[in-house]
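Trainee: The structure is given below, and queries will be raised subsequently.
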Amino acid sequence: MTTIRQDGARADAVVRSAYQRSVAAYWNAERDPVNLRLGEVDGIFHHHYGVGDYDPAVLDVPEARHDEAIITELHRLENAQADLLLDHVGPIRADDRLLDAGSGRGGTSFMAHQRFGCAIDGVTISEAQVEFANAQAEQYGVAGQVRFHYRNMLDTGLAASSYQVIWTNETTMYVDLGELFGEFARLLPNGGRYVCITGCYNDLTGGRSKAVSQIDQHYTCNIHSRSAYFKAMAATDFVPITVVDLTYDTIPYWELRAHSPVATGIEDAFLTAYREGSFHYLLIAADYAGG
Ligand SMILES: C[S@@+](CC[C@H](N)C(=O)[O-])C[C@H]1O[C@@H](n2cnc3c(N)ncnc32)[C@H](O)[C@@H]1O
């Protein structure tokens, strides 16, 4: 049976494969303390990792406040990651529209609205996330400007050339890059900006390492190689302007998380993959040269 959702989206038109159904089911069921307890610190909920050094003083906080101090510090690092992404979107005018592709519980979108004051749309294939993030937009009094939609980022159905900026914050490992950048090329005008933060495996030193495969399995994702990003961008007229290797900047987050009360068991795989050089954490900003 086809279910018609409130915004008119048909479930079978949004989630089109068994793989996408399993990704949607994962995010619909997700209630992980590493996301929820960190989000509760200031009401900004993320599903991504952090960058920057942690304050070593948090390790010496007395036991009664120890967990709370570590969780607050981890959240500071994940907010810093979203701030860094937003530093690369270029100049924004009040009447621009920005698209958060794979928007999770909306954290990066709310930070973008706070910073730029313009309209933001988020799309995700998790209906639970859409409901959560739209309720937050109501609560923060920005529902007219920040909206979340049950849509597939590979085929959004949104108007052509209607976004000045699109970002993906740790979402590209769930999709085919050629299809994704093809859709973004449709949504951006000539000169529009795309910004991405992602993990990618290092295909200069061989294939997918055991640690990278463990990460794939843990998150039901398919991490792409480093070169796959640049090939797919070149094929769709995206021209990189900034590439930042964040690998060493993200290791402290994983070290702190490994010793936190919200560790999930995947921390060692990330630390091994980053330290052995089989995995990179990259920020890529690119301009769309087609259209
Ligand atoms: C790791 S979370 C990142 C969420 C958010 N960007 C953040 O930084 O907090 C991955 C997100 O990608 C979304 N996603 C995966 N495949 C998608 C698709 N084909 N279309 C839209 N969203 C998708 C998931 O529903 C989830 O919201």
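The values are calculated or read from the model by the stated rules, or taken from the named source; none is laboratory data. All values derive from a computational prediction rather than experimental measurement. Please note: Cβ atoms are built from the backbone with ideal geometry, for glycine as well, and neighbour counts cover all protein chains shown. Areas reflect the complete protein model, heavy atoms only, side chains present, ligands, DNA and RNA absent. Shrake-Rupley method; radii C 1.70, N 1.55, O 1.52, S 1.80 Å.
Trainee: For Leu99, state whether it is at pLDDT below 95, surrounded by 13 or more Cβ atoms within 10 Å (Cβ to Cβ) and not in a loop (DSSP other than H, G, I, E, B).
Mentor: No, not satisfied.
Trainee: Does the range 36-60 hold any residues that are open to solvent by 20 Å² or more (accessible area, probe 1.4 Å), in a helix (DSSP H, G or I) and either touching a Cys at 6+ places or on another chain (Cβ under 6 Å) or in contact (Cβ under 8 Å) with a residue 12 or more places away in the chain (or both), and which are they?
Mentor: Residues satisfying the conditions are Arg37, Leu59.
Trainee: Being surrounded by fewer than 19 Cβ atoms within 10 Å (Cβ to Cβ), in a helix (DSSP H, G or I) and aromatic (Phe, Trp, Tyr): is that true of Phe110 here?
Mentor: no
Trainee: Out of all the residues in the range 203-214, is one or more at pLDDT 95 or above, under 25 Å from Ser17 (Cβ atoms), part of a helix (DSSP H, G or I) and out of contact with any Phe, Trp or Tyr (no Cβ under 6 Å at 6 or more places or on another chain)?
Mentor: The answer is yes; a qualifying residue exists.
Trainee: Still on this model: Identify the single condition in (1) open to solvent by 10 Å² or more (accessible area, probe 1.4 Å); (2) assigned to a helix (DSSP H, G or I); (3) within 16 Å of the ligand (Cβ to nearest atom); (4) more than 22 Å from Leu99 (Cβ to Cβ) that Asn222 does not satisfy, given that it satisfies every other one.
Mentor: (2)
Trainee: What number of residues within the range 77-119 are within 12 Å of the ligand (Cβ to nearest atom) and under 22 Å from His149 (Cα atoms)?
Mentor: 17
Trainee: Can Gly192 be described as open to solvent by 20 Å² or more (accessible area, probe 1.4 Å), of a type outside the set (Phe, Trp, Tyr), under 20 Å from the mean Cα position of the chain (by Cα) and more than 30 Å from Leu271 (Cβ to Cβ)?
Mentor: no
Trainee: Where the second residue is of a type outside the set (Gly, Ala, Ser) and more than 9 Å from the ligand (Cβ to nearest atom) and the first is more than 10 Å from Tyr150 (Cβ to Cβ) and lies in the range 13-25, which pairs have Cβ atoms under 7 Å and are six or more apart or on separate chains?
Mentor: Ser22/Thr220; Val23/Thr220
Trainee: Can you name every residue in the range 164-189 that is open to solvent by 40 Å² or more (accessible area, probe 1.4 Å) and touching a strand residue (DSSP E or B) at 6+ places or on another chain (Cβ under 9 Å)?
Mentor: Answer for the range 164-189, where residues must be open to solvent by 40 Å² or more (accessible area, probe 1.4 Å) and touching a strand residue (DSSP E or B) at 6+ places or on another chain (Cβ under 9 Å): Gln164, Glu179.
Trainee: Moving on. If Arg65 satisfies all but one of (1) open to solvent by less than 60 Å² (accessible area, probe 1.4 Å); (2) over 18 Å from the mean Cα position of the chain (by Cα), what's the number of the condition it fails?
Mentor: (1) is the only condition that Arg65 fails.
Trainee: Give the residue, chosen from Thr272, Thr264, that is assigned to a loop (DSSP other than H, G, I, E, B), open to solvent by 20 Å² or more (accessible area, probe 1.4 Å), of a type in the set (Ser, Thr, Tyr) and under 25 Å from Asp55 (Cα atoms).
Mentor: Selected residue: Thr264, the only one of Thr272, Thr264 that is assigned to a loop (DSSP other than H, G, I, E, B), open to solvent by 20 Å² or more (accessible area, probe 1.4 Å), of a type in the set (Ser, Thr, Tyr) and under 25 Å from Asp55 (Cα atoms).
Trainee: State the number of residues belonging to the range 76-95 that are open to solvent by less than 20 Å² (accessible area, probe 1.4 Å) and within 16 Å of Ser109 (Cα to Cα).
Mentor: Residues that pass the stated criteria total 6.
Trainee: Here's a follow-up. Which of the residues belonging to the range 147-158 are among the β-branched types (Val, Ile, Thr) and away from the ligand (no atom under 14 Å from the Cβ)?
Mentor: Correct list: empty.
Trainee: Considering each residue of the range 136-149, count those that are part of a helix (DSSP H, G or I) and either open to solvent by 60 Å² or more (accessible area, probe 1.4 Å) or under 19 Å from Gln164 (Cβ atoms) (or both), and give that number.
Mentor: Selection size over the range 136-149: 2.
Trainee: Still on this structure, please answer the following. Collect the residues in the range 173-185 that are more than 6 Å from the ligand (Cβ to nearest atom) and touching a Cys at 6+ places or on another chain (Cβ under 6 Å), keeping them in residue-number order.
Mentor: Met173
Trainee: Within the range 159-172, which residues are within 14 Å of the ligand (Cβ to nearest atom) and among the aromatic types (Phe, Trp, Tyr)?
Mentor: Trp167
Trainee: Could you figure out which of (1) open to solvent by 20 Å² or more (accessible area, probe 1.4 Å); (2) closer than 25 Å to Arg31 by Cβ; (3) within 15 Å of the ligand (Cβ to nearest atom) isn't true of Val123?
Mentor: It fails just one condition, (1).
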